[in-house]
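Peer 1: The structure under discussion is supplied below as structure tokens; questions concerning it will follow.
The values are calculated or read from the model by the stated rules, or taken from the named source; none is laboratory data. This is a predicted model, so every value here is computed, not measured. Every residue, glycine among them, receives a Cβ derived from its backbone with ideal geometry; neighbour counts consider all protein chains shown.
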Amino acid sequence: MQNLRVSLVQGATRWHDPAGNRDYYGALIAPLAGHTDLVVLPETFSSGFSNEAIHNAETMEGPTVAWLRERARGLDAAITGSVQLRVGEGAASDNVFNRLLFVTPDGEVRHYDKRHLFRYADEHKRYAAGRERLVVEWRGWKICPLVCYDLRFPVFSRNRHDAQRGFEYDLVLFVANWPSARAHAWRTLLRARAIENLGYCVGVNRVGVDGNQLPYSGDSAVLDYLGQAMADLGAQEQTVTVALDHAALQAFREKFPAWMDADAFELL
């Protein structure tokens, strides 16, 4: 199995400016064409993390989904990040999701609706919660993409093992708008998710100050299956690409079979 080249795009998302953000992130990722397999953008990369952005939520037929399809095709890579999207007719708030999109060069769009809504910022009062976890297969890798606050709930991200299919995923990733006031929790929990799940973990956060005057320190990272940093970004705008080694992952799982002692459970 080939290595997976993952590009972390840590940007300063513009506030309530979808067109400006498409231009901004488009310029950041353009040089990655032919040099990556997966591009990871932050949570709500088209608007910033704002409850008020719900009023201008796009649909799956809107310009941001079309932009993602175009970028994936041009990069010859998958691209993921979350967007506030309205599903169905009408203006009811329970039709709007914080939706992570996973788009491949052939135009296919898979999605995961954020399950754990950030109560501390009243996200649960404005947006609908998803229920189903998503695992996608891309270039031979099994990937579980999640969103920000999901990081605090290890049961939902647990990497179970099945005798027939093996591990559910090889890589868990989190797209986020995680303020600098809680940076220690972000850094610690990313490492925990890598260690306990015997897999790679990627977290991509934004930088800068948003429209609510909340600062973000970035701290995007790639962790290996030991929780050791393969890339650890600071607080500045930057794009970093890291190659993940599947053979090394498989060798570690065979050498250290903690998964054989894991507790069985079902998610409700």
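Peer 1: Only residues that are under 25 Å from F49 (Cβ atoms) and among the acidic types (D, E): list them for the range 212-229, please.
Peer 2: D219
Peer 1: Could you please find all residues in the range 48-70 being free of Cβ contacts under 8 Å to residues at least 60 places away in the same chain and either in contact with an Asp or Glu (Cβ under 7 Å, 6 or more places away or on another chain) or assigned to a loop (DSSP other than H, G, I, E, B) (or both)?
Peer 2: Selection gives A57, T59, M60, E61, G62, T64.
Peer 1: Count, please, the residues in the range 159-184 that happen to be more than 27 Å from V207 (Cα to Cα) and either among the aliphatic types (A, V, I, L, M) or without any contact (Cβ under 8 Å) to a residue 40 or more places away in the chain (or both).
Peer 2: Matching residues across the range 159-184 total 7.
Peer 1: For E196, all conditions in the list (1) touching a Pro at 6+ places or on another chain (Cβ under 7 Å); (2) part of a helix (DSSP H, G or I); (3) buried (at least 17 other Cβ atoms within 10 Å of the Cβ) hold save one; what is the number of the exception?
Peer 2: If we test E196 against (1) touching a Pro at 6+ places or on another chain (Cβ under 7 Å); (2) part of a helix (DSSP H, G or I); (3) buried (at least 17 other Cβ atoms within 10 Å of the Cβ), just (3) comes out false.
Peer 1: If you check Y149, Y169, which single one turns out to be in contact with a Cys (Cβ under 9 Å, 6 or more places away or on another chain), buried (at least 16 other Cβ atoms within 10 Å of the Cβ), more than 23 Å from A19 (Cα to Cα) and not charged (D, E, K, R)?
Peer 2: That would be Y169, the only listed residue that is in contact with a Cys (Cβ under 9 Å, 6 or more places away or on another chain), buried (at least 16 other Cβ atoms within 10 Å of the Cβ), more than 23 Å from A19 (Cα to Cα) and not charged (D, E, K, R).
Peer 1: Taking R69 as the residue in question, decide whether it is surrounded by fewer than 21 Cβ atoms within 10 Å (Cβ to Cβ) and modelled with pLDDT under 95.
Peer 2: Taking the combined requirement at face value, the residue does not satisfy it.
Peer 1: Given the structure, is F167 under 14 Å from C144 (Cβ atoms) and within 13 Å of the chain's Cα centre (by Cα)?
Peer 2: no
Peer 1: Test each condition in (1) modelled with pLDDT under 95; (2) touching a strand residue (DSSP E or B) at 6+ places or on another chain (Cβ under 6 Å) for Q164 and report the one that comes out false.
Peer 2: Looking at each condition in turn, Q164 falls short on (2).
Peer 1: Related question: Select from the range 72-111 the residues that are surrounded by fewer than 23 Cβ atoms within 10 Å (Cβ to Cβ), part of a loop (DSSP other than H, G, I, E, B) and at pLDDT 95 or above and list them in ascending order.
Peer 2: D76, T104, P105, D106, G107, E108
Peer 1: Oh, and also: Sort out which residues of the range 26-47 are in a helix (DSSP H, G or I) and surrounded by fewer than 16 Cβ atoms within 10 Å (Cβ to Cβ), and write them in order of number.
Peer 2: G26, A27, A30, P31
Peer 1: Across the range 28-56, what is the number of residues that are among the aliphatic types (A, V, I, L, M), modelled with pLDDT of 95 or more and in contact with a strand residue (DSSP E or B) (Cβ under 9 Å, 6 or more places away or on another chain)?
Peer 2: 7
Peer 1: Still on this structure, please answer the following. Do you know which of the residues in the range 1-25 that are at pLDDT 95 or above, of a type outside the set (D, E) and part of a loop (DSSP other than H, G, I, E, B) is farthest from V240 (Cα to Cα)?
Peer 2: Looking at the filtered set, the residue picked out is H16.
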